[in-house]
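Please treat every number below as a calculation from the coordinates, not as lab data. The structure displayed is predicted, hence computed values, not measured ones. Don't worry about glycine lacking a Cβ; one is built from the backbone with ideal geometry, like all the others, and counts go over all protein chains shown.
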Amino acid sequence: MIELRDIHYVRVGTRDLDGAQKFCTEIVGLQAVERTKDRLYLKSDARHHTVCYFDGDPGDHTVAFELKDWTQLGAALERLQSAGVPCGAGTTAEAADRHVEAFIWFNDPTGNRIEIVARPHDAGKRFFPSRDAGLIGFGHVGLCTTDPARDQNFWMSHFNTMISDWIGPCPLLRVNPRHHQMALFASQRKGIQHINFQVAEIDDIMKAWYFLKSQDVRIVFGPGRHPTSGGNFVYFEGHDEVIFEYSNSDRNIVGDLSNYRPRQFPLHPTSFCMWGSKPDIAEFRD
Ligand SMILES: [Fe+2]
């Protein structure tokens with residue numbers, strides 16, 4: 001089993017790095033920590049960065065997880081290779097670009113590119129938000145899948161992934177006690193479905209809702225509350241139509257896991273929002 005510690009970063013292509021920087025700093029509240037002619041690194045917590053925009057196809061997305069034991073990176077690659085999974089080792093230059101000591105990559109059955117990183121760089125400086133959005137860190141991604149049952153099986157077969165809950169056929173997955181670091185949502189496409197940042201409290205959700213409206217940002221879901229994680233949330237559409245989410249989900253699954261039973265919610269808007277907000281997001285509709 002490949003043991004993952006947590007989700008670590010996302011990489012997203014764009015033809016407009018200036019636009020991405022403007023939205024992520026002025027609206028989302030991330031800190032731009034490094035900018036080159038073809039890279040933009042954005043920080044949300046103690047890590048060097050949690051979002052990297054690169055000059056490229058806006059549909060080109062990568063999600064990275066940190067390996068729990070950095071000595072097992074080679075063994076993880078061998079396991080994926082022997083299972084016939086498209087995969088490879090990152091070069092020294094590619095690792096430097098990601099601000100990690102080493103990494104491997106693979107494609108999940110949908111074709112999503114996933115990276116597993118070893119010894120990712122922390123930042124010497126603390127997070128200094130570009131606006132007071134209440135950000136406390138990178139939380140999770142929604143990832144598109146063309147076959148939720150197949151991809152759930154893939155993750156359960158090779159990784160320390162656990163199912164926290166299902167909405168319809170779509171699993172909310174965790175590799176640590178936080179309710180989910182990744183949710184697989186049925187779609188006709190591959191790629192990131194939404195990027196979540198955690199905020200401190202419900203006040204931050206509601207302040208964001210008023211702020212986003214004042215800035216004419218398209219709110220696509222919420223404010224509301226997830227019955228799964230228990231978090232309050234608001235989703236909004238950002239640069240290149242990437243969907244961002246703020247939530248304050250604090251549900252941890254701890255204790256005797258043999259007694260934990262993932263709950264099955266129907267594929268219905270009430271499973272995404274117990275307050276009655278209706279999602280304007282294709283993958284959240286029944
Ligand atoms: Fe989410």
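Points worth noting:
- For the listed residue pairs LYS68/LYS190; LYS207/LYS278; LYS22/LYS207, the alpha carbons are over 23 angstrom apart in LYS68/LYS190.
- Highest GNM mean-square fluctuation among THR161, THR92, THR270, for the chain modelled with Cα contacts below 10 Å: THR92.
- For the pair region 182-196 / region 197-227, the C-alpha centres are spaced 20 Å from each other.
- Between amide H atoms placed 1.01 Å from N, distances below 5 Å from GLY168 occur with PHE265, LEU267, all of them 5 or more places distant or on a separate chain.
- Karplus-derived HN-Hα couplings along region 149-155 (A = 6.51, B = -1.76, C = 1.60, θ = phi - 60°), whole Hz, x at Gly and Pro: 5, 5, 6, 4, 4, 4, 5
- Paired Rg and Dmax values of the chain, which use every Cα atom, in angstrom: 17.9, 53
- Distance between region 231-259 and region 98-155 - C-alpha centres, whole angstrom: 14 Å
- Three-way shape call for region 54-153 based on the alpha-carbon gyration tensor, with the a/c threshold at 1.5: oblate
- With K and R counted +1 and D and E -1, the other residues having a Cβ less than 12 Å from that of ILE2 yield a net charge of -1.
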